[in-house]
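Report on one structure; see the data block that follows.
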Amino acid sequence: MLTLCIRYTIDMHKIADFENYARAWPEPIRKAGGELVGYFLPTKIAGPTDFALALINFPSLTAYERYREVLSKDPAAKANFESAENSGCILVEDRLILQRAA
């Protein structure tokens, strides 16, 4: 099992736009073969308030590569990317693949 970890630096003045972006992903991710663990938004309790996280599981690297290809052609995914870009809610997006230990 591999987990895609997407780390976002977001504009906290546009948190509602980012929440809309996150809420639009479950179905396109599922259709593309990913298992969404969830989107995690910052709190004012502790830590940075401009940091968000998405975790998506895949059974293999091949499954992740298929996911990327399918997602790039999905109209809902394209519209969601465009909406986030137009709103400016995402300042930085970093991706890494993690492997669960034991």
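The values are calculated or read from the model by the stated rules, or taken from the named source; none is laboratory data. These numbers were taken from a predicted model, which means no experiment stands behind them. Backbone-built Cβ (ideal geometry, glycine too); neighbour counts: all protein chains shown.
For the range 1-24, filtering for residues that are within 15 Å of Ser60 (Cα to Cα) and within 11 Å of the chain's Cα centre (by Cα) leaves 2. Looking at the range 25-38, which of the residues that are over 10 Å from the mean Cα position of the chain (by Cα) and buried (at least 17 other Cβ atoms within 10 Å of the Cβ) is farthest from Ala63 (Cα to Cα)? Only one residue fits best here, namely Pro28.
For every residue, the table says whether it meets (1) in a helix (DSSP H, G or I); (2) within 13 Å of Ala22 (Cα to Cα); (3) touching a residue at least 24 places away in the same chain (Cβ under 8 Å).
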| site | (1), (2), (3) |
| --- | --- |
| Asn57 | no, no, yes |
| Ala63 | yes, no, yes |
| Phe81 | yes, yes, no |
| Asp94 | no, no, yes |
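Of all residues in the range 42-55, those satisfying the criterion of being modelled with pLDDT of 90 or more and out of contact with any Cys (no Cβ under 9 Å at 6 or more places or on another chain) are Phe51, Ala52. Going by the structure shown, is Asp74 within 16 Å of the chain's Cα centre (by Cα) and within 16 Å of Glu27 (Cα to Cα)? When the stated conditions are applied, Asp74 passes them.
Within the range 13-24, track down each residue that is aliphatic (A, V, I, L, M) and either loosely packed, with under 14 Cβ neighbours inside 10 Å or farther than 22 Å from Leu91 by Cα (or both). Before you say what the answer is, go through the steps one by one.
Looking only at the range 13-24, we keep the residues that are aliphatic (A, V, I, L, M), and these are 15-16, 22, 24.
Correct list: Ala16 only.
Checking the structure you have, find out if any residue of the range 55-66 is within 17 Å of Ile6 (Cβ to Cβ), of a type in the set (Gly, Ala, Ser) and out of contact with any Gly (no Cβ under 6 Å at 6 or more places or on another chain). No.
If only residues of the range 1-54 that are assigned to a loop (DSSP other than H, G, I, E, B) and of a type in the set (Ser, Thr, Tyr) are counted, the one that is farthest from Ser83 (Cα to Cα) is Thr43. Within the range 4-26, residues that are more than 22 Å from Asp74 (Cα to Cα) sit with their Cβ atoms under 6 Å from residues that are at pLDDT 95 or above and polar (S, T, N, Q), at 6+ positions apart or across chains, in these pairs: Lys14/Ser87. For the range 50-67, a residue qualifies if it is loosely packed, with under 14 Cβ neighbours inside 10 Å and not small (Gly, Ala, Ser), and the qualifying residues are Pro59, Leu61, Thr62, Glu65.
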